[in-house]
Amino acid sequence: MALVPNPVNDGPVFAEVDMGGDSSSPTVRATVVQAATVFYDTPATLDKAERLLAEAASYGSLLVVFPEAFVGGYPRGSNFGVTIGNRTAKGKEEFRKYHAAAIDVPGPEVVRLAAMAGKYKVHLVMGVIERDGYTLYCTVLFFDSQGHYLGKHRKIMPTALERIIWGFGDGSTIPVFETQIGKIGAAICWENRMPLLRTAMYAKGIEIYCAPTADARDLWQASMTHIALEGGCFVLSANQFCRRKDYPAPPDYVFSGTEEDLAPDSVVCAGGSVIISPSGTVLAGPNYEGEALISADLDLGEIARAKFDFDVVGHYSRPEVLSLTVMDQPTSPVTFTSASANAEVSKR
């Protein structure tokens with residue numbers, strides 16, 4: 001696995017990990033990005049994303065997947081001043097800054113991401129922190145290679161303390177998009193452990209299953225392999241590789257409970273980004289060495305070969321015994337009976 005250090009001057013941003021495919025079947029070159037957010041600086045993060053996207057496109061990638069919360073940032077180590085029954089003034093100010101770094105969907109950052117996808121002729125899957133009024137969501141945005149915004153997936157179950165800072169997605173944002181390179185969808189981090197969510201995505205025919213994450217543990221690899229085998233799909237998992245210096249220095253940002261043990265170069269998220277085939281074969285990664293572009297050629301014929309053995313929502317299902325109902329309508333805390341009132345709410 002070839003790697004280069006952080007970019008210098010105008011040379012390549014990161015080296016690519018390249019695995020060939022079977023030329024007898026259609027192939028799609030895909031890249032997962034393993035890189036850190038420029039925390040609290042969304043314009044700089046978007047600039048970095050464009051450099052990475054351009055680099056991946058130069059290697060011939062048609063699909064590029066970024067990590068969870070790449071735009072807006074994953075607030076690793078922070079507790080936002082929360083204890084049961086109390087929130088601190090410093091924690092509230094930290095949330096204000098985090099809220100300011102998030103993006104509106106739709107919004108100018110979405111327009112720029114769409115333009116980037118069109119400029120480099122790639123399908124783009126981007127992890128963002130979405131701002132909807134004063135509630136934040138951990139979200140994945142999808143763009144096609146023509147520069148069109150396709151839609152979004154909101155994380156339906158934030159994990160642990162994430163629930164303090166992120167709202168819950170609903171069944172209306174579990175899309176699988178049919179594109180020129182296959183049917184693409186995403187689940188974020190530990191919601192990949194939710195069997196019923198995965199089943200809903202399998203039922204929509206997902207072929208390229210994107211799994212942006214913040215989990216760098218070895219155990220994550222077992223989940224990714226299982227999903228590839230279970231779904232008969234390619235799994236592309238992208239995680240950030242971060243050092244302490246990628247976050248603001250204390251006291252502006254503190255890793256609760258571990259700050260005193262961290263040096264600027266201490267690794268706080270080790271990556272582990274990986275690409276796995278429908279047969280469970282690791283095509284590229286996992287990478288724990290640093291920031292990198294990790295690529296593989298996806299032999300789309302592998303999907304049919306894998307599903308001949310096991311089609312979880314097809315010949316291997318037993319709907320007369322086991323079935324799933326998905327509530328996929330948008331939910332709203334307030335509904336108005338008049339059209340004018342609903343139109344006014346929709347503008348906010």
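What to note about this one:
- Subset tally (residues that are modelled with pLDDT under 95 and assigned to a strand (DSSP E or B)) for the range 23-39: 1
- Checking each residue in the range 235-260 for being under 23 Å from Val282 (Cβ atoms) and among the polar types (S, T, N, Q) picks out Ser237, Asn239, Gln240.
- Matching residues, the range 301-318, being touching a Ser or Thr at 6+ places or on another chain (Cβ under 6 Å) and either farther than 15 Å from Glu207 by Cβ or hydrophobic (A, V, I, L, M, F, W, C) (or both): Ala306
- Any hit, the range 86-96, residues being in a helix (DSSP H, G or I), small (Gly, Ala, Ser) and touching a residue at least 12 places away in the same chain (Cβ under 8 Å): yes
- Test: residue in the range 275-291 that is part of a helix (DSSP H, G or I) and either more than 21 Å from Pro195 (Cβ to Cβ) or at pLDDT below 95 (or both): no
- The range 225-270, residues that are without any contact (Cβ under 8 Å) to a residue 24 or more places away in the chain and in contact with a helix residue (DSSP H, G or I) (Cβ under 8 Å, 6 or more places away or on another chain): Pro250, Leu262, Ala263, Pro264, Asp265, Ser266
- Residue list for the range 165-184, restricted to those being aliphatic (A, V, I, L, M) and open to solvent by less than 10 Å² (accessible area, probe 1.4 Å): Ile184
- Residue check for Thr42: modelled with pLDDT of 95 or more, of a type in the set (Val, Ile, Thr), crowded, with 20+ Cβ neighbours inside 10 Å and under 22 Å from Arg131 (Cβ atoms): yes
- Selection of the range 135-156 for residues being under 14 Å from the mean Cα position of the chain (by Cα) and not β-branched (Val, Ile, Thr) yields Tyr137, Cys138, Leu141, Phe142, Phe143, Gly151, Lys152, His153, Arg154, Lys155.
- Taken over the range 292-323, residues that are of a type in the set (Lys, Arg) and modelled with pLDDT under 95 amount to 1.
- Any hit, the range 60-67, residues being over 22 Å from Gly127 (Cβ atoms) and at pLDDT 95 or above: yes
- Taking the criterion of being surrounded by 20 or more Cβ atoms within 10 Å (Cβ to Cβ), among the hydroxyl-bearing types (Ser, Thr, Tyr) and over 19 Å from Ala216 (Cα atoms), the only residue of the range 254-290 that qualifies is Ser277.
Table: residues versus (1) modelled with pLDDT of 95 or more; (2) among the small types (Gly, Ala, Ser); (3) surrounded by fewer than 21 Cβ atoms within 10 Å (Cβ to Cβ).
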position	(1), (2), (3)
Arg96	yes, no, yes
Ala102	yes, yes, no
Gly118	yes, yes, yes
Asp132	yes, no, yes
Leu161	no, no, yes
Ala186	yes, yes, no
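The values are calculated or read from the model by the stated rules, or taken from the named source; none is laboratory data. Computed from a predicted structure; not experimentally measured. When we count neighbours, we look across all protein chains shown, and the Cβ atoms used for this are built from the backbone with ideal geometry, even at glycine. Note: areas computed on protein heavy atoms with side chains; ligands, DNA, RNA excluded. Shrake-Rupley method; radii C 1.70, N 1.55, O 1.52, S 1.80 Å.
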